[in-house]
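Trainee: So that we are looking at the same thing, I have put the structure below in structure tokens.
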Amino acid sequence: MKISYHQQKVGDVEVFYREAGPKDGQVILLLHGFPSSSHMFRDLIPKLAEHYRVIAPDLAGFGHTTTPPRSQFDFTFNSLFQVVEGFTEALSLKQYVLYVFDYGAPVGYRLAAAHPDRVQAIISQNGNAYVEGFSDAWGSWERYWHSPTPDNREACRDSLTAETIRNFQYLHGADTSLVSPDGYYLDIAYMSRPEAEEIQLDLILDYRTNVALYPEFQAYFRKYQPKLLAVWGKNDPAFLPAGAEAYKRDIPSAEVHLLDTGHFALETHVEEISELILRFLEKC
């Protein structure tokens, strides 16, 4: 199955995206997380595209999507949501299955809450929406949220280093022999670009708005009862399995699977995850 690569203008943002599968197929919209891009779905897309139209954009500030400079663009999660919303409308995506991971979760859940009629199902892969999903690794970020001083901003810069991206994001809790270095070296390269660190620090501060919206996301879950599959790397150092199990509180029919791997579960368990997704969608 061939993957094609495109650009779509959304306001002042040029959204890069990957696409595969039948043009008239049911759409699966893949939303990546920090510090990655749609490249993280490189192995998943061909497995889903045999049956579905799969679309994976790079969020604003990530990957190959181009934005105005930081002085002219507000790097917040609401801005990321607005770009994705505009992207779906530019592509005339009337309905879609959402796959959300990490940062993609609060972006995708904003989209779902705004347009519940468009969301046919949700797949959450280490995509958090509950405070019990937070580990104790969020200390410096939480201090920055509560006290956005220059010193607290600098303390968060450790989250952006090559060592942290490699060891904390990719290798922690995973069988390291199965983790290709391509993913983390590409993310490290993205982080070295002009303004990249400052953009990410802006988003780290704004992450507090996602936590503030958790009750709204949960209200959406309770009211609309979307079909939901939570598939989680249970050794994730940032998002605990409790965050996956919590979906059952608001969506009793939610299907939860915990895999013996880390945050970037697709790096080691793409076969298992793709099989779970295909079985789940057959029932939707």
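Derivation of every value follows stated rules applied to the coordinates shown; laboratory data play no part. Here the structure is a predicted model, which means the values were calculated and not measured. Cβ: placed from backbone, ideal geometry, glycine included. Neighbour counts: every protein chain shown.
Trainee: Net charge near ILE3: determine it from the other residues with C-beta under 10 Å of the C-beta of ILE3, scoring Lys and Arg +1 and Asp and Glu -1.
Mentor: +2
Trainee: Something else: Ratio of Rg to Rh for the chain, alpha carbon only, Kirkwood?
Mentor: Reported Rg/Rh (Cα atoms, Kirkwood Rh): 0.93.
Trainee: Divide, for the stretch 140-268, the radius of gyration over alpha carbons by 2.2 N^0.38 Å, where N is the residue count.
Mentor: Rounded to two decimals, the normalised Rg is 1.20.
Trainee: Each label point is 7 Å from the Cα along the Cα-to-Cβ direction; what then is the distance between the points at ASP151 and GLU198, in nm?
Mentor: 2.3 nm
Trainee: Still on this model: For each of LYS23, LYS9, LYS234, LYS248, count neighbouring Cβ atoms within 10 Å of the residue's Cβ, then give the residues from fewest to most.
Mentor: Placing the least packed residue first, the sequence is LYS23, LYS9, LYS248, LYS234.
Trainee: Expressed in nm², what is the orientationally averaged projection area of the convex hull enclosing the Cα positions of the stretch 150-209?
Mentor: 4.7 nm²
Trainee: Do any of LYS9/LYS227; LYS9/LYS47; LYS94/LYS223 go past 23 Å between their Cα atoms, and which?
Mentor: From LYS9/LYS227; LYS9/LYS47; LYS94/LYS223, over 23 Å: LYS9/LYS227; LYS9/LYS47.
Trainee: Can you give the net charge of the other residues whose Cβ lies under 10 Å from the Cβ of ASP250, counting K and R as +1 and D and E as -1?
Mentor: Charge balance near ASP250 sits at +4.
Trainee: If you add up the charges near TYR130, with Lys and Arg at +1 and Asp and Glu at -1, over every other residue whose beta carbon is less than 15 angstrom from its beta carbon, what do you get?
Mentor: Summing Lys and Arg as +1 and Asp and Glu as -1 gives -3.
Trainee: Also: Among SER79, SER253, which comes first, then next, by fewest other beta-carbon atoms within 10 Å?
Mentor: So the residues, fewest neighbours to most, are SER253, SER79.
Trainee: Given only helices, namely DSSP H runs of n ≥ 4 each adding -39500 (n - 2.57), what is the per-residue ellipticity at 222 nm of the chain, to the nearest 500 deg cm²/dmol?
Mentor: Value at 222 nm, helices only, nearest 500: -12000 deg cm²/dmol.
Trainee: Given the stretch 106-166, report the % of alpha carbon pairs whose separation exceeds 15 Å.
Mentor: Of the Cα pairs, 66 percent sit more than 15 Å apart.
Trainee: Along the stretch 205-222, what does the Karplus equation 6.51 cos²θ - 1.76 cosθ + 1.60 (θ = phi - 60°) give for ³J(HN,Hα), rounded to whole Hz, x for Gly and Pro?
Mentor: 5, 6, 4, 4, 5, 5, 4, 4, 8, 3, x, 5, 4, 5, 5, 4, 4, 5
Trainee: I'd like to know which of SER135, VAL54, LEU266 lies farthest towards the positive end of the charge dipole of the chain, counting +1 on Cβ of Lys and Arg and -1 on Cβ of Asp and Glu.
Mentor: VAL54
Trainee: Which percent, nearest 5, of DSSP beta bridges in the chain are antiparallel?
Mentor: So the antiparallel bridges in the chain amount to around 40 percent.
Trainee: Restricting everything to alpha-carbon atoms, can you work out Rg to Rh for the stretch 211-284 with a Kirkwood hydrodynamic radius?
Mentor: 0.99
Trainee: Nothing charged except the Cβ atoms of Lys and Arg (+1) and of Asp and Glu (-1): what's the magnitude of the dipole of the chain about its Cα centre? Round to the nearest 20 debye.
Mentor: The dipole of the chain has a size of about 820 debye.
Trainee: Pull up all non-local amide H partners of ILE123: gap of 5 or more, or a different chain, and H-to-H distance under 5 Å with H placed in the peptide plane.
Mentor: Amide H neighbours of ILE123, under 5 Å, 5+ apart: LEU98, TYR99, VAL100, LEU229.
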